[in-house]
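Step one of this worksheet: look at the structure below.
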Amino acid sequence: MSQRKSSKSSKSKSSNLLRSIGAIIGAILVLIAGLLTQGGGNTPSATNNSVTNTRRPTVVNNSSTQVASVSGSVREISVGQGFGYRRDFWQVYFTAPTGSSRSRDYNGGINENLATAIGEVRSTLDIAAFEFNSPFITQAVLDAEARGVRVRMVTDTQSGLNDEDTTISQLIAAGIPVVDDVRTALMHDKFMIMDSQVVWTGSWNYTINDTYRNNNSAIVLRSQQAVQLYQAEFDEMFTSRSFGPRSPANNVGTFTQDGVVISIYFAPENDVDTVVAQTVATAQRSIRFLAFSFTLDNVAAAMQERFGEGVIIQGIFETSGSEQPASELRPLLCAGMDMRQDGNPYFLHHKVIIIDNNTVLVGSFNFSASATDSNDENLIIIQDADIAALYIQEFERRWAEAVLPANIQCG
């Protein structure tokens, strides 16, 4: 969050002082102009041998600010610490971490909005949760079970059921059935199905960290087609105990909801990395992405091909892991694309690609080999300019605090 600096103004006591100050300012402005002309700005190019500027960058693609506006039909949802929006059949939420490590500052987040929604459930609540420890959400689920809602859960063994901070044990003690995947790969989904009417999903785990420390989003769809696909995926895991590559490759679908085209995919049973690469390859004007993990060569190759055709590409990588050999940060940066590392002292946990200010890829699916080959994941591709504008606004918030990579060697 930005801080405003206050200053005091003083009046000069003589015209000579004013002239001196004016001369100094003029000289400084000339010097700055000369440096900018020589340096050519902060945009890295393929000919740079290294990138050493770690100052907060400016937005190179000025059109991003111009297009990041939504129609008048989009309404804000009140979130104490975060952002929320709704229109027609969908809602979108973003976390707003402050960087604080003090638990007393952890209130008013989107976990409270989800808890309110759970409080309105009357019949069924199915939960797929990689991690689960938010007290607000836990209590809302317990209250739902107590008032007669049929609650079921699927979770990851290590990070969900056996995590030292988990509150899943409270659900089990209340009689809620919980199925874990019992394998080393991850049940990485984060979605809830409420009353067979609404699906919540996204990158956001139902935890304190992901709500108050990490950058995340959640998207909510009131859509029967979406519910049917997510319900079939949940039932495969909960009822059939089918996880990872053993899951049947049948829960995919593209449909139109209130004029909005939506595609839903689940990994690893479906070829999701290819879908992402093919969707990226359709870009005509711009690609922006926010990536917790990005190691998929085919997706990076699609971006490089579009960049060669004049498409503007900007990306923000979670800093940890972004300089590893498998990361796509170096290839994209050294090809001349505008890449940054995030400025959150905790984690940028997004898995988002925004194409041509109209199409958004979002879900639990990291752009990685493990997401493609072994983890249980989900991905939504939604074509809606209003949703895209909201994710562009989130991109710009993250861009404002991101920095140029300081340790990448090119050439």
Fewest-first ordering of Arg340, Arg86, Arg330 by Cβ atoms within 10 Å yields Arg86, Arg330, Arg340
In nm, to one decimal, how far is the modelled label at Arg75 from the one at Thr116, with both set 7 Å along Cα→Cβ? 1.2 nm
Rounded to two decimals, the Rg over Rh value of the range 324-386 from Cα coordinates and the Kirkwood Rh reads 0.99
Gap in Å between the Cα centre of the range 235-260 and the Cα centre of the range 160-220? 18 Å
So if each residue of separation counts as 0.36 nm, and I subtract the Cα-Cα distance between Ala406 and Asp297, what length gain in nm does that give? 37.0 nm
Spin-label zone in the range 175-195 - amide nitrogen under 19 Å from a point set 7 Å from the Cα of Phe255 along the C-beta vector: 191-195
Please work out how much length the chain gains when fully extended from Ser103 to Arg246, using 0.36 nm per residue of separation minus the C-alpha to C-alpha distance, in nm with one decimal. 47.4 nm
Could you please rank Phe191, Phe294, placing first whichever residue has the fewest other Cβ atoms within 10 Å of its Cβ? Phe191, Phe294
Extension gain from Arg150 to Ser370, taking 0.36 nm per residue of separation minus the Cα-Cα distance: 75.9 nm
Residues Asp376, Asp143 in order from fewest to most other beta-carbon atoms within 10 Å are Asp143, Asp376
14 Å beta-carbon shell around Leu290, net charge (K/R +1, D/E -1): -2
Over its Cα atoms, what ratio of radius of gyration to 2.2 N^0.38 Å does the range 229-311 give? 1.32
Hey, how many Å between the Cα centroid of the range 262-333 and the Cα centroid of the range 340-411? 9 Å
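Every number here is computed from the coordinates shown, using simple stated rules; none is lab data. Computed from a prediction, not measured in an experiment: that's the story for all the values here. No Cβ is skipped: glycine too gets one built from the backbone with ideal geometry, and neighbour counts run over all protein chains shown.
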